[in-house]
Each structure stands twice: as structure tokens, then as C-alpha cells.
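Data block below; observations after.
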Amino acid sequence: MHPSVISLRPLENYSLAITFDNGGSGVLDMDEYLDFGVFQHLKDRKAFENVKVSFVTFEWESGVDLDSEFVYRNCTIQ
């Protein structure tokens, strides 16, 4: 099982600073995904910044979310 997201905050460069329940933290760069499907509307900064923790991962107001395994695997862990 992968660590759960316990907090996050949007960064200026379409990245998210994320803290996990295992004590780790990292940055997930979302920029490369914003040209595809359901992620396109997140190019709007207000939409991108309207993100919250939801269960073991996070979601945007539009209902778009990411699998917790994907989040942890693609974060630059710090």
C-alpha cells in the first residue's frame, strides 16, 4: 500500500507540494499533464489552486483526482 496524502499546497509552476502519512514529502509537477483531457481546465490558475485532500489522495473542485500510487510514484520525494 502506498502512503496517503495528508496535506498539499499548490505551487506557482503548476506543481503541488505534498506531505504523506509516512512522514515523507515531495513535489508533483502537473505541468506535463495539463494538455490532456480532464486536466486541460486546470490550466486556469484558480481551478488548479482549488485542490483539497480527499481520502488517500486529493481532488480538484471539478472532481478530477489522481490515484495515490501515481501521486507517490511521480513525486520528487524530498
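The values are calculated or read from the model by the stated rules, or taken from the named source; none is laboratory data. Nothing here was measured: the structure is a model prediction, and the numbers come from that model. Here the Cβ positions follow ideal geometry from the backbone for every residue, glycine too, while neighbour counts run over all protein chains shown.
With VAL53, VAL71 as the choices, which residue is surrounded by fewer than 18 Cβ atoms within 10 Å (Cβ to Cβ) and either outside any loop (DSSP other than H, G, I, E, B) or modelled with pLDDT of 95 or more (or both)?
Answer to the check: VAL53.
Any idea which of (1) surrounded by fewer than 12 Cβ atoms within 10 Å (Cβ to Cβ); (2) part of a helix (DSSP H, G or I); (3) not aromatic (Phe, Trp, Tyr) is the one ALA47 doesn't satisfy?
(1)
Restricting to region 1-44, what's the tally of residues that are part of a strand (DSSP E or B) and either in contact (Cβ under 8 Å) with a residue 60 or more places away in the chain or not β-branched (Val, Ile, Thr) (or both)?
Residues meeting the conditions: 13.
Taking region 33-44 on its own, how many of its residues are of a type in the set (Phe, Trp, Tyr) and surrounded by 11 or more Cβ atoms within 10 Å (Cβ to Cβ)?
2
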